[in-house]
Amino acid sequence: MQQIPRWLPLVAVIVAVLVVSSLFASGPRRDGVEVAYSRFKELLSDGEIAHVELQGNAVTARLSQPMALGPGGQPSQQLSTNIPAFGDPKLMPLLEQQGVEVISRPDADGAGAIWTTLIWVGLLAVYLWFWNRMYRNVAGGMGGRGIGDFLAGSAAAHDKGTPDVRFADVAGQDNAKREVAELVDILKDPERYTRLGAEPPRGILLMGPPGTGKTLLAKALAGEAGVPFFHISASEFIEMFVGVGASRVRKMFEEAKKKAPSIIFIDELDAIGRVRGAGLGGGHDEREQTLNQILSEMDGFEGHEAVVVLAATNRPDVLDPALLRPGRFDRHLTLELPDREARRAILGVHVRQKPMAGDVDLGIVAGATPGFSGADLKNLVNEAALAAAREGATEITMRHLDEMRDRVMMGLVRKLAIEPEERHRLAVHEAGHTAAAHYLPNADPLYKVTIIPRGRALGGTHMLPEEDRHTLPEDYLRDRLVVMLGGRTAERLLLGGVSSGADDDIRQATQLARAMVARWGMAEDIGPVDLRQSESHPFLGREIAQPRHFSDQTAHQVDEAVRGMLAEAETRAEQLITTHRADVEGLIVRLEEQETLDHDEISDCLGAVAADDEPPAHDRAAG
Ligand code: ATP
């Protein structure tokens, strides 16, 4: 069947509008001189009118003989006028009385008709749009693009062709790349393997936080092997109609097999791959049918079909175990958030086509972006390019990247009216954090401090972990507590009281201290016992509550140990700020003047760190 072009419904609507409006465009005839209605009535009463045509409110009349109807006007035998909007009940009797020939035509006021037509056509267009959308959804899984594709039963469109992405475009993720690289050879020359009776791997599950390059890696595999890439998001399988998902799956696999060797990539697998029987509808809902279809398609591969199915998820924990059995998604690859070196490499990939200024040091940017995913880094570079373009600059500079980093991490700069007194308190608070971070031996190095409000924060002390840490030593954590409580301590010492500004500091410090006590055994009185009450999700960064498995007394002990740890951190912050009070006050003045201070400016104010600033951590802990 031939495909209906997408533009056809639109053209049909336009033609309909033109045809219908041209039908009415002529409207009532308006011959002759236009006169006032009262004048028309006068002429009628005088017996001058011989013939009248009525159409809606419009009146066209012929006089018994030509006469000049206006001052200085030419004699005319035709005139036209309008009956007042509220009507004239005396008109018909008068016409009859005068024996005037009357012709009445149906009301079809031109403009009114056009509007009516337009409204109807508009409604029709909305209807057509919905219809198109509906079928587009249905056809979506088959790569359809609307009514035409649906009618054509086209399944070919979801074949995205061979992507032009290569492994070189995927920076970092070396482990995952190595694993999938093995498949390139199989996909390029499947026969070499099948001759020996080796079956290609069927399914690979890519796991990891959002934006770590799962889709990119799947594309790169197809690109390297030069095979067609079929991409679908699992949520697209499930739309409106029951049974559609399963039939889409069937179509997609059929198509992929026809074009084998090929790659199918199913994004967001968890949308359909959740444990079966957990849904409503007696365990036979649309999602489960779709999942069953995927499973049976994967089982139905014959040895010679080199179709590799890759699926991505960031919720591997909820997947139906049947999906993970041998022959299905039995190979699992985890893509981690990139470490510093990988971030540097990812930035390198994304600045390739962009003009960068000489001052740009991607190593510094990578160091300043812990926790950023590949997608975040791509976004950062893009935002910096946009900022540079807005300024009319020809190159992206370090300043653009730095500003956008702050924006991505902390939100937009907020224009906020802050009273001088509150601003001073803000500077004292941030100086407290900064001083603690500066003087403590195990704290992360300072990057900058600012009292410019951004996102939800009024100010911020930014520190950068020098390397990406995989384990956190106790000394480091104890110093981190001191830094967190340094702001509040400075307020208390220098302003004589605290404020609500430490809300988030206290929350974070308490969470950290609780983890140190209940998970990492860092409280001497309690020791290495697992006393956690929640579990953090590996990819979502969320805490999931767990049932408590210890006594009230132990819970009380944990609370006491947490409190003790925080009190100790506060005492240490107090000592540091008291010892260096003059320098801290200098920092506050400069911060209020400049609003943002970088690492060197902070060092200028606070001076070098003396080795004996604090006794070593183990002495402290013991004391
Ligand atoms: P989601 O789980 O949200 O679907 P994902 O893991 O599939 O995310 P992608 O869609 O592959 O992430 O990544 C988004 C974009 O981020 C990519 O198009 C790419 O430009 C960039 N990106 C992510 N990781 C990398 C990487 N390792 N190297 C280069 N670019 C990357």
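The values are calculated or read from the model by the stated rules, or taken from the named source; none is laboratory data. Values in this document were obtained by computation on a predicted structure and should not be read as measured data. Please note: Cβ atoms are built from the backbone with ideal geometry, for glycine as well, and neighbour counts cover all protein chains shown.
Some notes on this structure:
- Residue within the stretch 14-25 that is assigned to a loop (DSSP other than H, G, I, E, B), closer than 19 Å to PRO106 by Cα and at pLDDT below 85 present: no
- Hits in the stretch 484-514 - residues which are of a type in the set (A, V, I, L, M) and in contact (Cβ under 8 Å) with a residue 12 or more places away in the chain: MET484, LEU485, ALA490, LEU493, LEU494, LEU495, ALA502, ILE506, ALA509, LEU512, ALA513
A quick yes/no check of all residues on (1) under 37 Å from the mean Cα position of the chain (by Cα); (2) part of a loop (DSSP other than H, G, I, E, B); (3) at pLDDT 85 or above:
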residue	(1), (2), (3)
HIS429	yes, no, yes
ALA435	no, no, yes
PRO441	no, yes, yes
ASP444	yes, yes, yes
VAL482	yes, no, yes
GLY501	yes, no, yes
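- Among the residues examined, ILE526 qualifies as more than 24 Å from ALA436 (Cβ to Cβ) and of a type outside the set (Gly, Ala, Ser).
- Screening the candidates LYS188, LYS177 for the property of being within 13 Å of the ligand (Cβ to nearest atom) and either within 26 Å of the chain's Cα centre (by Cα) or not assigned by TED's automatic domain parsing to the domain that holds GLY371 (or both) yields one hit, LYS177.
- Odd one out for LYS448 among (1) at pLDDT below 90; (2) part of a helix (DSSP H, G or I); (3) of a type outside the set (S, T, N, Q): (2)
- Hits in the stretch 142-183 - residues which are on the phi > 0 side of the Ramachandran plot, modelled with pLDDT under 60 and surrounded by fewer than 18 Cβ atoms within 10 Å (Cβ to Cβ): GLY153
- Leading residue by the ranking (nearest to the ligand (Cβ to nearest atom)) among those in the stretch 191-220 that are part of a helix (DSSP H, G or I) and over 18 Å from ASP169 (Cα atoms): TYR193
- Residue check, LEU295 away from the ligand (no atom under 15 Å from the Cβ) and either of a type in the set (Gly, Ala, Ser) or surrounded by fewer than 21 Cβ atoms within 10 Å (Cβ to Cβ) (or both): yes
- Search result, residues across the stretch 351-375 that are crowded, with 21+ Cβ neighbours inside 10 Å and within 11 Å of the ligand (Cβ to nearest atom): PHE372, SER373, GLY374
- Total residues in the stretch 157-174 satisfying the condition of being under 20 Å from GLU268 (Cβ atoms) and within 14 Å of the ligand (Cβ to nearest atom): the figure is 5.
- Condition broken by ALA311, with the remaining ones in (1) within 16 Å of the ligand (Cβ to nearest atom); (2) not assigned by TED's automatic domain parsing to the domain that holds ARG178; (3) not basic (Lys, Arg); (4) not in a loop (DSSP other than H, G, I, E, B) satisfied: (2)
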